Amino acid sequence: MKYDIVIVGAGPAGMTAAIYGRRANKTVLLLEAASYGGQIINAHKIENYPVEPHISGFEFATKLYEQAKELGAEFKFEKVVGIEDKGDHKLVNTPSASYEAGAVIIATGSDKRKLGVDREDELVGRGVSYCATCDGAFFRKKVVAVAGGTRTALEDALYLADIAEKVYLIHRLDKFSGAEADYDRLKARDNVEFLLNTQITKLNADKKLESIEVKSKDGTVQTVEVSALFVAVGRVPENQNFSAVIDLDDKGYAVAGENCLTRTAGIFVAGDNRVKEVRQLVTAAADGAVAATAAVKYLNS
Ligand SMILES: Cc1cc2nc3c(=O)[nH]c(=O)nc-3n(C[C@H](O)[C@H](O)[C@H](O)COP(=O)(O)OP(=O)(O)OC[C@H]3O[C@@H](n4cnc5c(N)ncnc54)[C@H](O)[C@@H]3O)c2cc1C
């Protein structure tokens, strides 16, 4: 089946692009590997999106999904494994189908980065988690740890401090990249302990996580008993399937111009997967608008 615009990824960037594409009366297909909404779906509150000062991630994603659907965007839940440039049209391939598109917008965002310690994968669901708002409630009145220094790490620690008996916030550096205000809130909590300049070197578990081994910069090694470890050590762009048609920088982010155009005519990128300074909802939505407008111009030219 042929569409004017195929959008890869139904996060905030992709769904905003769909709204702009449909309002320009183009046929639009969104291909999504997981569920609509992207990273924000599990965020328990958003306070910085203009006009919506108090909204959950789920509500935000659902409103955006409904808006795109109402305008006539089509959604299919399939992972895109490659894109072929055929000049005047593109083929967007999933494991079971090939969709023809006049223009493509790649809005695949980013995925969680792993800590990289032994047994991490094996212990997911048995103490290791990447989502405090999804799994935090399972550790009510228990001792837990959060690994990382990002905004998400600080938000996770704050969220867990209301649930758990104690939260260790473990960061390999001595400074956080998250919001200063969240750091101040954490310092005011008496059930939060900071382990800075400290790396997690081992996960100890029988059936489930029992403790973690940490090593500080001065070489001291200690074992910390925890029931859960929430990993929040950053994210990696999801562009690996598209390097045949777009350029990536040394960290894997897609290179594009101000109009979100990649090196291939008719292929655009939008959102957190591209090289840019600020990766937020508002900039993802802005990219979606810019990329779709450029795609419409390309299709009409
Ligand atoms: C816990 C958390 C809290 C946050 N809180 C805020 C906040 O309060 N305010 C704020 O402004 N920002 C916040 N952010 C950041 C914000 O969520 C992102 O900037 C935004 O979601 C980026 O949107 P995106 O559409 O570019 O990418 P994403 O949200 O990452 O969406 C990309 C989508 O593409 C899909 N996808 C990936 N690869 C493929 C493929 N091969 N085929 C098909 N689909 C694919 C993914 O499944 C995903 O649904 C938060 C992020 C997190 C993790």
Applying a 10 Å radius around every beta-carbon, put 56-64, 161-169 in order of their mean neighbour count, most first. 161-169, 56-64
The chain - Rg over Rh from alpha carbon coordinates, Kirkwood radius: 1.03
Peptide ranges 6-17, 170-181 listed from the most packed, as the mean C-beta count within 10 angstrom indicates: 6-17, 170-181
Honestly segment 1-125 on the Cα gyration tensor test (a ≥ b ≥ c root eigenvalues; a/c under 1.5 rounded, otherwise a/b vs b/c for prolate or oblate) is just oblate
Enumerate cysteines in the chain without a disulfide-compatible partner, where compatibility requires another Cys Cβ under 4.7 angstrom. 260
Whichever lysines have a C-alpha closer than 30 Å to that of residue 69, once near sequence neighbours (fewer than 8 apart) are set aside: 2, 26, 45, 79, 86, 90, 112, 276, 297
Pairs on different chains or at least eight residues apart, Cα atoms closer than 24 Å: how many lysine pairs in segment 128-231 fit? 27
What ³J(HN,Hα) values, in whole Hz, does the Karplus curve 6.51 cos²θ - 1.76 cosθ + 1.60 give for segment 204-216 when θ = phi - 60°, with x put for Gly and Pro? 9, 8, 9, 7, 9, 4, 10, 7, 10, 9, 10, 10, 8
Percent antiparallel among DSSP beta bridges with both residues in the chain, to the nearest 5? 45
Over 5 Å intervals from 0, what percent of Cα-Cα pairs in segment 128-231 sits in each interval? 3, 14, 27, 25, 21, 9, 2, 0
In deg cm²/dmol, rounded to the nearest 500, the helical mean residue ellipticity at 222 nm of the chain, built from -39500 (n - 2.57) for every DSSP H run of length 4 or more, is -7000 deg cm²/dmol
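Bear in mind these aren't lab numbers, they're just calculated from the coordinates by the rules spelled out. Small disclaimer: the values here were computed from a predicted structure and weren't measured. So basically every Cβ, Gly included, is an ideal-geometry build from the backbone, and we count neighbours across all protein chains shown.
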